[in-house]
């Protein structure tokens, strides 16, 4: 069905927005389903007060101090979650003196800061900032950082992390599968010390002890393994004439969530095209963004290590400064990880401790 058109509107989404109006995309299924574009006389984020729990959130995750920050036997801390996904921060500063096996879900580990090696059943993989480490459920692994100041964002999912369907873009779009790295077996057969394996089931830890190193795999085959992808190898999809929705930047899909990567790219060159993220009303998804590096041009006062959560039902869009400056930049300079959750994402106690409660007021125009 062709879209209906009433009143004052732009002929194309995000292009030629009528003067004095603010375009809002009201859509379903993230950015994959039906949508309407509404043309407001005022910014949809021009609120002056919030009552109740439904408000945008900003977290300074640099202030989180999980127990693994100082204690090698410590663990990451969960700060957001629902029954599909749970988000953790690890600040591990020393090699794990044990092995770990998560039987509650698959893990996507994003390396915000730090260098080192992850030892796994399939072999070791080196890691560096910008790496996504995909660890299937119940894989035994151990993080061995070479640096002290480390920061890992960990997403635990009840289902596997898979590449998105690239459709008409083709097999090599977004990233060529040839840049994916998988481990080579490297069994520690000469290790005769006692090793502890911690196994997490139902958020409880059980411990199994071996008189040898349990990573004694000398070979493997199959289509299930640990793998690694670095942000720098992702080639964002772009249009020089229209602003594309976040779904164009999908990197992983999993049950109840989509993970996207925002990377530097040229801004739209068409003079009539919107150059900042458009106002939209989160309808079917809660939107989480972790800010990794760069200049986050659609938001004010955002620093690396910060994260935002915009619940469904309220508007989301650029700050007034970004709207005013959108014609002054030629490209974006930001690296960020976005997760859209199909079910409501709840703020956990650790998240509440590092939240800026007045973030909702940051859209107010400076007088």
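In this entry, residue 23 passes the filter for residues that are in contact (Cβ under 8 Å) with a residue 24 or more places away in the chain and outside any helix (DSSP H, G or I).
Each residue in the range 175-199 was checked for being over 24 Å from the mean Cα position of the chain (by Cα) and either under 18 Å from residue 127 (Cα atoms) or part of a loop (DSSP other than H, G, I, E, B) (or both), and 11 of them qualify. Can residue 172 be described as at pLDDT below 90 and either under 25 Å from the mean Cα position of the chain (by Cα) or not assigned by TED's automatic domain parsing to the domain that holds residue 76 (or both)? So residue 172 passes the test.
Only residues that are in contact with a strand residue (DSSP E or B) (Cβ under 8 Å, 6 or more places away or on another chain) and assigned to a loop (DSSP other than H, G, I, E, B) were counted across the range 83-121, and they come to 15. What do you reckon, is residue 101 buried (at least 22 other Cβ atoms within 10 Å of the Cβ), assigned by TED's automatic domain parsing to the domain that holds residue 137 and at pLDDT 90 or above? Taking the combined requirement at face value, the residue does not satisfy it. Restricting to the range 64-82, give me the number of residues that are within 22 Å of the chain's Cα centre (by Cα) and either crowded, with 18+ Cβ neighbours inside 10 Å or not in a loop (DSSP other than H, G, I, E, B) (or both). Residues that pass the stated criteria total 10.
Evaluation of residue 8 against the conditions (1) touching a strand residue (DSSP E or B) at 6+ places or on another chain (Cβ under 7 Å); (2) under 30 Å from residue 100 (Cβ atoms); (3) surrounded by fewer than 20 Cβ atoms within 10 Å (Cβ to Cβ) shows that the sole unmet condition is (2). Could you say whether any residue in the range 51-58 is assigned to a loop (DSSP other than H, G, I, E, B), under 30 Å from residue 353 (Cα atoms), under 22 Å from the mean Cα position of the chain (by Cα) and modelled with pLDDT of 85 or more? Yes, the conditions are met somewhere in the range 51-58.
Let me confirm something: among 208, 201, 218, which residue is at pLDDT 95 or above, loosely packed, with under 15 Cβ neighbours inside 10 Å, more than 26 Å from residue 79 (Cα to Cα) and not assigned by TED's automatic domain parsing to the domain that holds residue 292? Walk me through how you get there before you give the answer.
Details: 201 fails: more than 26 Å from residue 79 (Cα to Cα); 218 fails: at pLDDT 95 or above.
From the options 208, 201, 218, the qualifying one is 208.
Restricting attention to the range 221-238, the residues that are in contact (Cβ under 8 Å) with a residue 40 or more places away in the chain and touching a strand residue (DSSP E or B) at 6+ places or on another chain (Cβ under 8 Å) total 10. Within the range 41-50, the set of residues being touching a strand residue (DSSP E or B) at 6+ places or on another chain (Cβ under 8 Å) and modelled with pLDDT under 90 comprises 42, 43, 44, 45.
The values are calculated or read from the model by the stated rules, or taken from the named source; none is laboratory data. Note that this is a predicted model, so its numbers are computed, not measured. A quick note on method: Cβ atoms are made from the backbone with ideal geometry, for glycine too, and the neighbour counts reach across all protein chains shown.
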